[in-house]
1. For the cross-link pairs A:K129/B:K28; B:K132/B:K225; A:K59/B:K68; A:K7/B:K12; A:K75/B:K42; A:K59/B:K132, which exceed 30 Å when the distance is taken from alpha carbon to alpha carbon?
2. Report, in whole Å, the centroid distance computed from the Cα atoms of the range B:125-148 and the range B:74-96.
3. Taking a cut-off of 14 Å between Cα atoms, list the aspartates and glutamates near B:K125, but don't count ones fewer than 8 places away on the same chain.
4. Can you check what the Kirkwood hydrodynamic radius comes to for chain A, Cα pairs only, in Å to one decimal?
5. Cβ neighbours within 10 Å, averaged per peptide: list A:2-8, A:168-174, B:150-156 in order, most packed at the top.
6. Using a/c under 1.5 as the rounded threshold, could you call the range A:74-180 rounded, prolate or oblate? The axes a ≥ b ≥ c are square roots of the C-alpha gyration tensor eigenvalues, and prolate needs a/b larger than b/c, oblate otherwise.
7. Could you give the distance between the Cα centres of the range A:55-107 and the range B:192-216, to the whole Å?
8. Along the positive direction of the dipole of the range B:3-216 (beta-carbon charges: Lys, Arg +1; Asp, Glu -1; about the Cα centre), which of B:L93, B:S57, B:H208 reaches farthest?
Amino acid sequence: MCNLIWKDIVLQKKGSLILLPALFGYIVYNPSYIWIGFVFSVVIILDVFAKDEDSAVNKLLNSLPYTRREVVSSKYIGAIIFTLLVVFAMFIGGLLFHREVPAWKETMLMVSLSMIAISFILPFLYKFKTQYIFRAFLFLFVVYMIVINTFIKNLNDILREFVQTILTLQDPSVFLMMILSIIVLYSFSWLLSIRIYRNKVF
Amino acid sequence: MENVIELRNVNKSFKGFQLKDFSMTVKKGFVTGFIGGNGVGKSTTINLIMNLLQPDSGTISIFGLNYKQHEKEIKQRIGFVFDDNIFYEHLTLTEMRRIIKRAYSNWDDNLFRYYVEQFELPLNKKIKTFSKGMMMKASLTIALSHHAELIVMDEPTSGLDPVFRREFLDVLHRLMENEDKTIFFSTHITTDLDSIADYIIFIDKGQHIFTKESTQIEEEYAIVKGETELLDADTKKEFISIRKSNHGFEALTANKSRIEEMFGQMVLIEKPSIEDIMFYTKKGAEWHV
């Protein structure tokens with residue numbers, strides 16, 4: 001399985017060389033680590049996934065001595081590794097351009113958000129093709145626009161406040177609860193993807 | 001004799017297609033050709049053998065092992081070639097080697113280099129620029145570079161020009177002379193089989209029609225040509241199927257000696273090609289229905 005993760009990192013190497021300057025560029029002008037880190041992690045993980053989406057590549061991976069469980073698991077473990085690499089790049093960027101590293105709470109929140117997003121996206125991608133995820137994003141965007149225009153006009157403020165509340169939280173038990181629920185969600189998504197992929201026909 | 005591949009009463013159905021109670025065996029140390037028309041279930045069977053598909057019912061064992069408990073062990077010992085490109089198109093063969101070699105415990109870089117040189121494959125050109133022939137040679141190179149005991153190929157010669165095809169078959173030939181390998185490959189180009197197949201498995205409409213030794217086919221089967229008057233209810237039974245025309249009849253029999261006994265010099269007996277056998281067997285199946 002390590003070979004599969006290694007393969008993804010090798011395949012992503014060229015793409016990362018383009019993304020890294022972009023990441024640093026954002027950090028220079030707008031050190032909002034949560035948002036930047038979240039977007040970059042998710043984009044990289046989606047790109048890694050898209051490279052293996054072709055049915056021919058699936059045929060290759062499943063004809064090689066790997067099990068389907070390993071193929072899926074490599075993506076979930078790889079997603080965490082890629083998120084941590086983004087965190088690492090953010091730390092370097094922060095130190096280079098602002099002489100400070102992102103606060104641990106911001107980093108935690110960014111990693112959590114990425115894991116939540118990935119938990120929802122990966123099973124969806126295993127079930128459907130990437131083209132549908134764009135439609136799904138479009139649909140969510142429309143729903144979001146309708147919600148902020150008609151039902152909850154101050155949704156963005158609520159979200160911003162919510163983030164602030166989390167960042168100012170002092171109670172460690174709340175953090176622990178959050179981390180635990182994210183781990184549960186991620187594991188559930190992982191198992192679900194294995195289940196979906198188990199009988200997939202390429 | 002040891003069986004490397006064994007399918008027992010396998011059923012698999014898709015929308016509009018069904019593999020029905022399919023059983024077959026592939027013997028160790030021989031080349032087995034898997035023939036049948038387009039869309040009769042050859043690729044489905046190969047996908048089942050490669051565990052890319054799971055059967056609805058029935059058992060599949062490779063090297064006497066099942067996929068449920070020994071998936072990785074089985075796949076370590078198989079080399080595969082598919083008729084389409086299954087590599088990352090934007091990579092070069094060198095990059096592809098780096099990715100694939102890590103999967104196999106028996107990967108042999110010397111063997112890889114040997115085949116790359118023999119096939120004159122470019123190592124640093126992107127795979128998407130490869131011609132169909134180069135693609136097949138690259139696939140075969142990778143399939144042969146980890147000392148696989150079983151080589152499974154799905155239509156490896158389709159789309160190759162005749163010269164390439166001969167070269168490809170020559171490589172397989174040499175491989176069988178020097179090593180104790182088992183080769184199983186599907187094809188609808190029946191002339192491929194004349195030169196290298198020891199056994200032939202014939203599939204039609206998702207059903208196993210026969211498995212025979214190539215020499216056995218030569219001994220048993222014959223194309224019989226003669227006057228239509230020779231055909232009556234009794235003699236007709238001796239044929240798998242018959243084609244009549246104004247000039248007489250042409251038919252396939254699976255009992256050459258009996259026909260020779262029955263008709264003697266009255267008919268012309270010819271050696272059938274595998275294509276003849278496929279054609280008449282298929283026709284016969286429809287006829288009997």
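1. A:K129/B:K28; B:K132/B:K225; A:K7/B:K12; A:K75/B:K42
2. So the two Cα centres are separated by 7 Å.
3. Here the aspartates and glutamates satisfying the reach criterion relative to B:K125 are B:E89, B:E95.
4. Evaluated on chain A, it is 18.5 Å.
5. B:150-156, A:2-8, A:168-174
6. The shape class here is oblate.
7. 49
8. B:S57
Quick note: the coordinates plus some simple rules give every number you see, no bench work behind them. Quantities reported herein were computed from a predicted structural model and do not represent experimental measurements. Note that we place each Cβ from the backbone using ideal geometry, even for glycine, and neighbour counts take in every protein chain shown.
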